[in-house]
Amino acid sequence: VGALGSYIHHDNQTIKVPAFDASPIDTTGAGDTYAAGFLYGYCNNWPLAKCGELGSLLASKIVEQKGVKFNKDVMEQLRDSIQNSTGTN
């Protein structure tokens, strides 16, 4: 639901995932990027809320730039943020 966040529905339970603040300039790829983040977490057995949180974070960053490819600085910041929140390398 865009700036209002997103919802995950699984096993008759609905999880509300808040949106991250963003200053969007191009929404191209936001959904695909959200899905990539969600699926990364899901494939690594994260709780569904955490999967949605990563999807939301990635989508919030992709809409702040033109195009669908993260630059190196943004990628490093995202990697550090993910590692710090999960305790992984």
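No lab work stands behind these numbers, since they all come straight from the coordinates. All values reported here derive from a predicted model rather than from experimental measurement. We place every Cβ from the backbone using ideal geometry, glycine too, and count neighbours over all the protein chains shown.
How far apart, in nm, are two points set 7 Å out from the Cα along the Cα-to-Cβ line at LYS50 and at ASP80? Calculated label separation equals 2.2 nm. Kindly provide the pair-distance distribution of the chain built from C-alpha pairs, with 5 Å bins from 0 and whole-percent values in order of increasing distance. Spelled out bin by bin, the chain gives 3, 15, 24, 27, 18, 10, 3, 1 percent.
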